[in-house]
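One structure below.
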Amino acid sequence: MNHLTLKPLTLGLLAAALMGLGALGMWMAQPSAAQTTPAEVLNTAPSAAKPALTVALTQARSGLLPIKLAANGNVAAWQEASIGTEVGGLRVAELHANVGDSVQKGQLLASFATDSVKADVALARAAVAEAQANALEAAANAERARAVQGSGALSAQQINQYLTQEQTAKARVASTQAQLDAQLLRLKQTQVLAPDNGILSSRSATVGAVLGAGSELFKLIRQGRLEWRGEVTSAELGRIRVGTAVLVTAPGGAQTKGRVRMLAPTVDAASRNGLVYVDLLETGKAATAQAFKPGMFARGEFELGQSAALSVPQTAVVVRDGFSTVYRVGADHRVSQLKVQTGRVQGDAIEIQSGVKPEDQLVASGGSFLSEGDLVRVVESSKPNSAPAQAAPAQEASK
């Protein structure tokens, strides 16, 4: 039994001895490290390392970028007219316009019942006719009194009385004529007309209602003009001038051009912000009028000019741990991470304010897949906005 127990151990010792002799022979056959040249080490090192990514290169370019100031605000009517009744106690007979209608100056919007007003006009006409008849009689009496004034047929008191009656009758005619004109004006005011071109934004009148004088019937956006009231800080207010171009964006994404019409003369004491009144220039277009409505929130960008700047494609910038970074490719095809300060964005380009030099070779896209010191394979061109291609396996690359 002892012989059977020691036999496997003996075989294991013999196998280990044979493997040791084989390894010694291979070591002796290879050249020593002292005999390996540095060139051979450089040539063999890249073949042993596997690239982490295939990338295209880009460089920071110098050019002009627009200077823009962003602000938020509300869309409002340029001027909103209140259209109301000028006579009281009349019944609304008919409404000829509704909310959203585009109306012209002088267009009929509403009509009031005219029966009572026409009756008052008839009474005023009769009063004028009566006063005119009395005035004719008084004028004839005064003329006869003047004719006999020096003959003594009438006393001085009687003559003065006839002359006074003549003047009183003329005044009575003027008074009744004024009353007739007032009634005719009331009759005219039973028709409510649009005071200007524009769009009706509200209607509070209903058919059959008896309204008092001054009651509001409609609200009108004069000339259909809208404005955007941007809110900026007191420091930013000094950078804006009347006539500055503005691009206003609605919540739905629609955009329209504008121009600064006026700066607020005061700043809010609580928020320290001031208003900038911007005329929206394209509200006459159907698409723009549909996208922008009074009371709507909108965002605007004031175009303050241009300045020189360095920029790179947005795909070259990676945000990590709250910092913007780019990856610079060295001569050995290894990347180093650089923190940069970004600024303005224009199309697919983003401004680099610090951290990069114009001669730096940067990874154009795919930096989110890289780490400090990674080896990359460089290609001549690649679509900046597409996902970068992963490096091929080592056996495929050698084909």
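The values are calculated or read from the model by the stated rules, or taken from the named source; none is laboratory data. Values in this document were obtained by computation on a predicted structure and should not be read as measured data. Using ideal geometry, Cβ is built from the backbone for each residue, glycine included, and neighbour counts are taken over all protein chains shown.
Summary of computed values
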{"quantity": "Test for Ala178: is it surrounded by fewer than 18 Cβ atoms within 10 Å (Cβ to Cβ) and not assigned by TED's automatic domain parsing to the domain that holds Gly84", "calculated": "yes"}
{"quantity": "Residue that is nearest to Gly100 (Cα to Cα) [pool: residues in the range 297-307 that are surrounded by fewer than 16 Cβ atoms within 10 Å (Cβ to Cβ) and of a type outside the set (Phe, Trp, Tyr)]", "calculated": "Glu303"}
{"quantity": "Matching residues, the range 259-276, being out of contact with any Phe, Trp or Tyr (no Cβ under 6 Å at 6 or more places or on another chain) and part of a strand (DSSP E or B)", "calculated": "Arg259, Val260, Leu263, Asn273, Gly274, Leu275, Val276"}
{"quantity": "Residues (crowded, with 17+ Cβ neighbours inside 10 Å and either farther than 23 Å from Ser201 by Cβ or not hydrophobic (A, V, I, L, M, F, W, C) (or both)) located in the range 283-296", "calculated": "Thr283, Thr288"}
{"quantity": "Test set (1) part of a strand (DSSP E or B); (2) out of contact with any Asp or Glu (no Cβ under 8 Å at 6 or more places or on another chain); (3) surrounded by 15 or more Cβ atoms within 10 Å (Cβ to Cβ); (4) without any contact (Cβ under 8 Å) to a residue 40 or more places away in the chain - Thr256 fails condition number", "calculated": "(2)"}
{"quantity": "Residue among Leu184, Leu180 that alone is in contact with a helix residue (DSSP H, G or I) (Cβ under 8 Å, 6 or more places away or on another chain), within 30 Å of Asn197 (Cβ to Cβ) and in a helix (DSSP H, G or I)", "calculated": "Leu184"}
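Here is a yes/no grid of residues against (1) assigned by TED's automatic domain parsing to the domain that holds Ser365; (2) in contact (Cβ under 8 Å) with a residue 24 or more places away in the chain:
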position: Pro265; (1), (2): no, no
position: Ala269; (1), (2): no, no
position: Gly274; (1), (2): no, yes
position: Asp279; (1), (2): no, yes
position: Thr283; (1), (2): no, yes
position: Ala289; (1), (2): no, yes
position: Lys293; (1), (2): no, yes
position: Thr315; (1), (2): yes, yes
position: Val326; (1), (2): yes, yes
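Rundown of residues vs (1) surrounded by 13 or more Cβ atoms within 10 Å (Cβ to Cβ); (2) assigned to a strand (DSSP E or B); (3) in contact with a His (Cβ under 9 Å, 6 or more places away or on another chain); (4) not assigned by TED's automatic domain parsing to the domain that holds Glu86, yes/no style:
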site	(1), (2), (3), (4)
Leu217	yes, yes, no, no
Gly230	yes, yes, no, yes
Glu236	yes, no, no, yes
Leu247	yes, yes, no, yes
